[in-house]
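Undergrad: This is the structure, below, for whatever I ask next.
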Amino acid sequence: MLEVGTKAPAFTLPDKDGNPVSLSDFAGKKVVLYFYPKDNTPGCTRQACAFAAAYADFKTMDVAVIGVSKDSTASHQRFAEKHGLPFLLLSDPELTAIQAYGVWQEKKLYGKVSMGVVRTTFIIDEQGMIEKVMPKVKPDTNAAEILTYLRGEAQ
């Protein structure tokens, strides 16, 4: 997994409408880049809805919010419409960004080992450097923890 102070890997991935979105599109802006396992699963839905509920606060601070999973653009479109998600969802079925950010890892569930996306959030500063890494975040509190951090409040 990437560390604080390293350059955030560049990527270009399609959004839910199939439009290419690059990290460089956000140069000069702070970015919350969160990786999640799968659209419309309980944890991922709670996490996305928490970001949606806090989206006005992120906009006020001029912070971009981007969610990335290996789901298809069609899946992202249904997910965004169903839950009214106002931020970008990027599709990474080839695991380009997912592997570049080191979040494709071995996971264990009920004794079964498989590879998958470990729920991780990166805060990328205006110069494209990784400012904060939040591994294995909790879906329900991730958005609030980021806002607390961005406001400079005690953790």
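The values are calculated or read from the model by the stated rules, or taken from the named source; none is laboratory data. All of these numbers come straight from a predicted model, not from anything done at the bench. Virtual Cβ from ideal backbone geometry, glycine too; neighbours counted across all protein chains shown. Keep in mind that these areas ignore ligands, DNA and RNA; they rest on the heavy atoms of the full protein, side chains included. Shrake-Rupley method; radii C 1.70, N 1.55, O 1.52, S 1.80 Å.
Undergrad: Given [x] 160; [y] 109; [z] 131 as candidate values of volume of the Cα convex hull per residue in Å³, which corresponds to the one derived from the coordinates?
TA: The value matching this structure is [y].
Undergrad: Using Cα-Cα distances under 8 Å and only pairs 6 or more residues apart, what relative contact order does segment 1-93 have, in percent?
TA: So the answer I get is 35 percent.
Undergrad: LYS132: which aspartates and glutamates have alpha carbons under 16 Å from its alpha carbon, excluding same-chain residues fewer than 8 sequence positions away?
TA: Within the straight-line cut-off, LYS132 pairs with GLU3, GLU145, GLU153.
Undergrad: Could I ask something else about it? Using protein chains only and a probe of 1.4 angstrom, how many square angstrom of HIS83 are accessible, to the nearest 10?
TA: 50
Undergrad: Just by accessible area at a 1.4 angstrom probe, what is the order of ASP62, ASP15 from largest to smallest?
TA: ASP62, ASP15
Undergrad: On to the next question. Using DSSP to call loops (not H, G, I, E or B), can you name the chymotrypsin sites (Phe, Trp or Tyr not before Pro) in segment 14-115 whose Cβ has at most 15 other Cβ atoms within 10 angstrom?
TA: Those satisfying the criteria are TYR110.
Undergrad: Per DSSP H run of n ≥ 4, the term is -39500 (n - 2.57); total these for the chain, divide by its residue number, and report the mean residue ellipticity at 222 nm rounded to 500 deg cm²/dmol. Present the calculation step by step, with values, prior to reporting the outcome.
TA: Working: 5 runs with 43 residues, N = 155.
Counting only the DSSP helices, I get -7500 deg cm²/dmol.
Undergrad: For segment 1-45, with only Lys/Arg (+1) and Asp/Glu (-1) charged at the beta-carbon, what is the dipole magnitude about the Cα centre, in debye rounded to 20?
TA: 120
Undergrad: Can you give me the relative contact order of the chain as a percent, contacts being Cα pairs under 8 Å and 6 or more apart? Before the final figure, lay out the partial values.
TA: Details: 303 pairs, mean separation 50.6, N = 155.
Here the relative contact order equals 33 percent.
Undergrad: Leaving out ligands and nucleic acids, note down the accessible area per residue over the chain with a 1.4 angstrom probe, in whole Å².
TA: 50
Undergrad: Of the accessible area of segment 89-155, with the probe set at 1.4 angstrom, what percent is carbon plus sulfur?
TA: 52
Undergrad: Right, another one. Nearest-5 percent of antiparallel DSSP beta bridges in the chain?
TA: 70
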